[in-house]
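This report concerns only the one structure given below.
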Amino acid sequence: MSEVRIRPRQVLVLIIVFLVILLMVHRNGQRTCNGPEYLKAMYAKQQDGELPTIYCITPTYARPQQKAELTRLSHIFMLVPNLHWIIVEDAEKTSNLVRTLLERAGLTQRSTQLNIKTPTAFKLKHNDPNWIKPRGVEQRNLALSWIRTNADADKHSVVYFMDDDNSYSVELFSEMSKIEPERVAVWPVGLVGGLMVEKPLLNPSTNEVEGFNAAWRPERPFPIDMAGFAISTELFFKYPQAIFNYEVQRGYQESEILRHLTTRSQLQPLANNCRDVLVWHTRTEKTKLTNEDALNKQGIKSDDGMEV
């Protein structure tokens, strides 16, 4: 039986073929996008290692519509490649509901589940009888503490306060990816403050923010909704005192955090120079459960054994 000899040239050809096949498998294994151009651009930047992580902070609390709200938001995270979801529950411990939702959405590796209970007693600095306890203060501050501890201080990334009852366009997160280091970016928010849209007003010559069209308490330093800005993480490392505070007046939480980080003229306008509305302050209507209450009086629950 004759001996089969493999020449060096044949070995080289086999190696090249193997490497080509390996490269094709690797490319096919990467996530691709067939959606709009702005989303394709994000995936291209991700493959080049140029896409900043966006840390989306979502305070949440147990209520009948909680799972529905978070499920809607989870679809955005499935589409956008550079988001990390920090969900902070207003509770004594984290819940199975949120944990299971993240697992079923395939977001366990791209999320952080935290919890902290809002205190029940407050000492009011302003002695304002119309003062309303602000929601999400403890939760947002805990998330900021997590970011300052866990995010890479030498790597550019972004923080966005993403409430669970708003409506968001995927394009908004493409815009956030354009935020420059050590900048706060702003854009319009629809259906808020008693207006169809609240928006920054730009100087046509300098393209700098020179004001806001807010109708509710326009005297605020930053009369802007929480959904209308995002912050470069470099600023949170540079200014560790930047947190939210219970002792500010109603509607001043946004100004309280921003006053440590920026000025109006330093704001970076996005969303087509603040001409496009990509987020809406929709607020889900409180669920009416009058028939459920009647059933409960009979010892019956329509969701017995189910998670709604």
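The values are calculated or read from the model by the stated rules, or taken from the named source; none is laboratory data. These numbers were taken from a predicted model, which means no experiment stands behind them. Glycine also receives a Cβ, built like all others from the backbone with ideal geometry; neighbour counts cover every protein chain displayed. These area figures cover heavy atoms from the full protein model, side chains too; ligands, DNA and RNA do not enter into them. Shrake-Rupley method; radii C 1.70, N 1.55, O 1.52, S 1.80 Å.
The residues packed around L295, meaning those with a beta-carbon under 14 Å from its beta-carbon, carry a net charge of -1 if Lys and Arg are +1 and Asp and Glu are -1. For a Förster distance of 22 Å, can you work out the FRET efficiency between the beta-carbons of D165 and T120, rounded to the nearest 0.05? After rounding to 0.05, the efficiency reads 0.45. Please build a GNM for the chain, connecting alpha carbons under 10 Å apart, and tell me which residue among G49, G251, G136 fluctuates the most. Judging by the Gaussian network model, the answer is G49. In this structure the amide hydrogen of L202, modeled in the peptide plane, comes within under 5 Å of the amide hydrogens of E210, none closer than 5 places in sequence on its chain.
Computed from the C-beta positions of M306 and S145 and an R0 of 30 Å, the FRET efficiency is 0.25 to the nearest 0.05. Loop-located trypsin sites (Lys or Arg not before Pro) in the range 208-259 (DSSP state other than H, G, I, E, B) with a sparse environment of at most 10 neighbouring Cβ atoms within 10 Å are absent. In this calculation the C-beta distance from I243 to A294 is compared with R0 = 51 Å, giving a FRET efficiency of 0.70. Summed over the residues of the range 204-288 and divided among them, the accessible surface reaches 50 Å² per residue at a probe radius of 1.4 Å. When a/c reaches 1.5 or more, the comparison of a/b and b/c decides; with that in mind, is the range 172-308 rounded, prolate or oblate per its Cα gyration tensor? Judged from the Cα gyration tensor, the range 172-308 comes out prolate (a/c at least 1.5, a/b above b/c).
Rounded if a/c is under 1.5, else prolate if a/b beats b/c, else oblate: with a ≥ b ≥ c from the C-alpha gyration tensor eigenvalues square-rooted, which is the chain?
The shape class here is oblate.
Can you tell me, using C-alpha contacts under 8 Å and at least 6 residues apart, the relative contact order of the range 180-294 as a whole percent?
39 percent
What's the angle, to the nearest 10 degrees (0 to 90), between helix 8-29's Cα axis and the longest principal axis of the chain? Approximately 20 degrees, to the nearest 10. Sites listed here are GluC sites (Glu not before Pro) in the range 213-308 whose DSSP assignment is loop and whose Cβ has at most 14 other Cβ atoms within 10 Å: E219, E247, E285, E307. With both labels modelled 7 Å from their Cα along Cα-to-Cβ, the Q47 to L19 distance reads 2.0 nm.
Between helix 137-150 and the chain there is an angle of about 30 degrees, using the helix long axis and the longest principal axis of the Cα atoms. Taking the accessible area of the chain, probe 1.4 Å, and keeping the other protein chains in place, the carbon and sulfur fraction comes to 52%. For the chain, averaging the sequence separation of C-alpha pairs within contact (under 8 Å, six or more residues apart) and dividing by the residue count gives a relative contact order of 19 percent. When a/c is below 1.5 the answer is rounded, else prolate if a/b is larger than b/c, else oblate, so apply that to the range 75-224 with a ≥ b ≥ c taken from the square roots of the Cα gyration tensor eigenvalues. Taking the square roots of the gyration eigenvalues as a ≥ b ≥ c, the range 75-224 is oblate. Estimated from helices alone, the mean residue ellipticity of the chain at 222 nm is -9500 deg cm²/dmol (sum of -39500 (n - 2.57) over DSSP H runs with n ≥ 4, per residue).
In the chain, what percentage of the DSSP-assigned beta bridges are antiparallel, given to the nearest 5? Once the DSSP bridges in the chain are tallied, antiparallel ones form about 40 percent.
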